[in-house]
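**Student:** Just passing along the structure, written as structure tokens.
Just so you know, all these numbers are worked out from the coordinates, no wet-lab data involved. All values reported here derive from a predicted model rather than from experimental measurement. Virtual Cβ from ideal backbone geometry, glycine too; neighbours counted across all protein chains shown.
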Number of protein chains: 2
Amino acid sequence: MYVTRKADYAIRCVLYLAKNTGRITSVDEISNAMYVPKSFLAKILQCLMKAGIVSSTRGIKGGFQLAKEPKDISLLEVIEAIQGPSAANICAIDKRMCSLSGRCTVHPIWVKIRKKVEQELKKQNFAKLAKKR
Amino acid sequence: MYVTRKADYAIRCVLYLAKNTGRITSVDEISNAMYVPKSFLAKILQCLMKAGIVSSTRGIKGGFQLAKEPKDISLLEVIEAIQGPSAANICAIDKRMCSLSGRCTVHPIWVKIRKKVEQELKKQNFAKLAKKR
DNA sequence: TTAAATAGGACTATTTTGGTCTTATTTTAT
DNA sequence: ATAAAATAAGACCAAAATAGTCCTATTTAA
């Protein structure tokens, strides 16, 4: 389980929106506030749309909002929206990816670690994160 | 914290050596037994040498052995020998890698997860792993 | 109808990964 | 001595992933 820069940007973006609920926020504003390249951020927001995390309003005065309450969005959810499922070792996602085809004594450890990490990331929601300073 | 194929190969390799202590094992043998490309494995063994995990004997009848007892080699050690320090998010390794420079409410979470995962990987040693089947 | 915003697809440069290949050097056995 | 079999080390390379940009719609408020 590692977080690409893209996913990191996505997290910042959702965090900013969580701190600015109740209004529509433009890509430009988020980009400036969170130091994310604007056109890249636009792409990232499309992923977050597909995942149902944000909703968009087109046209002038358009922009983005969270599609759910901050407390109902977990870190894990945002990361997976960008990267898909991930783990410390691919074999923990799909046994077939291992040429030892899971007959390996190390395999259960990757599965265990994956579970632990996902648990932790699921616990963290954006209401919590937006409140901290 | 994610494990590249190279590190995964390294783990298999150390595991094989842990199951075959008390003799010198050639790259060729390990390569065949563990399904790792031979010339790539040779490189990997150089890394494990530098890290003091294996020792080599040159010349005909040469090969590799573990440089320490299996119980004193952890999974974490092998992974770091190949990949260097790693974490779910680079900012957990070096705050400066984050453009928000650690003034970010998510940062402590990455640090926490890194600690948890490293703890787990440190607990796992190759005496344990070689015994399982 | 224009300006400012998102939508979406094509494209691209850089870095990382996952190797190979070649040329030493070492050591044992003949 | 020398041939054979092993590691040592460095250069090299291809493919995939990452980290974006750019351009052309389309939408909508003023």
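**Student:** Does the range B:110-128 hold any residues that are surrounded by 20 or more Cβ atoms within 10 Å (Cβ to Cβ) and in contact with a Lys or Arg (Cβ under 9 Å, 6 or more places away or on another chain), and which are they?
**Tutor:** Scanning the range B:110-128 gives B:ILE113, B:VAL117, B:PHE126.
**Student:** For the range A:109-133, what are the residues that are charged (D, E, K, R) and assigned to a helix (DSSP H, G or I)?
**Tutor:** Our first condition is that a residue be charged (D, E, K, R); within the range A:109-133, this holds for A:112, A:114-116, A:118, A:120, A:122-123, A:128, A:131-133.
Selection gives A:LYS112, A:ARG114, A:LYS115, A:LYS116, A:GLU118, A:GLU120, A:LYS122, A:LYS123, A:LYS128, A:LYS131.
**Student:** Looking only at the range B:49-72, how many residues end up being away from DNA strand C (no atom under 15 Å from the Cβ) and away from every other protein chain (no Cβ under 14 Å)? Spell out the reasoning first.
**Tutor:** Within the range B:49-72, the subset away from DNA strand C (no atom under 15 Å from the Cβ) is B:50-54, B:66-72.
Filter once more, keeping what is away from every other protein chain (no Cβ under 14 Å): B:50-54, B:66-69, B:71-72.
Total meeting the criteria: 11.
**Student:** Now for a different question. Pick from the range A:1-30 the residues that are among the small types (Gly, Ala, Ser) and surrounded by fewer than 20 Cβ atoms within 10 Å (Cβ to Cβ): which of them is nearest to DNA strand C (Cβ to nearest atom)?
**Tutor:** Looking at the filtered set, the residue picked out is A:SER26.
**Student:** Follow-up question, since we're still on this one. For a quick check of your reading: which helices (runs of 4 or more DSSP H) sit entirely within the range A:1-72 and have at least 3 residues that are of a type in the set (D, E, K, R), within 10 Å of DNA strand D (Cβ to nearest atom) and in contact with a Ser or Thr (Cβ under 7 Å, 6 or more places away or on another chain)?
**Tutor:** In the range A:1-72, no matching helices (runs of 4 or more DSSP H) lie anywhere.
**Student:** Looking for whichever is closer than 23 Å to B:LEU100 by Cβ, surrounded by 17 or more Cβ atoms within 10 Å (Cβ to Cβ) and of a type in the set (Phe, Trp, Tyr) here; the options are A:PHE40, A:PHE64. Which one fits?
**Tutor:** Result: A:PHE64 is the single residue among A:PHE40, A:PHE64 that is closer than 23 Å to B:LEU100 by Cβ, surrounded by 17 or more Cβ atoms within 10 Å (Cβ to Cβ) and of a type in the set (Phe, Trp, Tyr).
**Student:** Further question: Would you pick out the residues in the range B:75-92 that are within 11 Å of chain A (Cβ to nearest Cβ) and surrounded by fewer than 17 Cβ atoms within 10 Å (Cβ to Cβ)?
**Tutor:** Of everything in the range B:75-92, just one residue is within 11 Å of chain A (Cβ to nearest Cβ) and surrounded by fewer than 17 Cβ atoms within 10 Å (Cβ to Cβ), namely B:GLN83.
**Student:** One residue is enough: does the range B:6-13 have a residue meeting the conditions of a type outside the set (S, T, N, Q) and either farther than 23 Å from A:ASN89 by Cα or touching a strand residue (DSSP E or B) at 6+ places or on another chain (Cβ under 7 Å) (or both)?
**Tutor:** For the range B:6-13, residues of a type outside the set (S, T, N, Q) and either farther than 23 Å from A:ASN89 by Cα or touching a strand residue (DSSP E or B) at 6+ places or on another chain (Cβ under 7 Å) (or both): absent.
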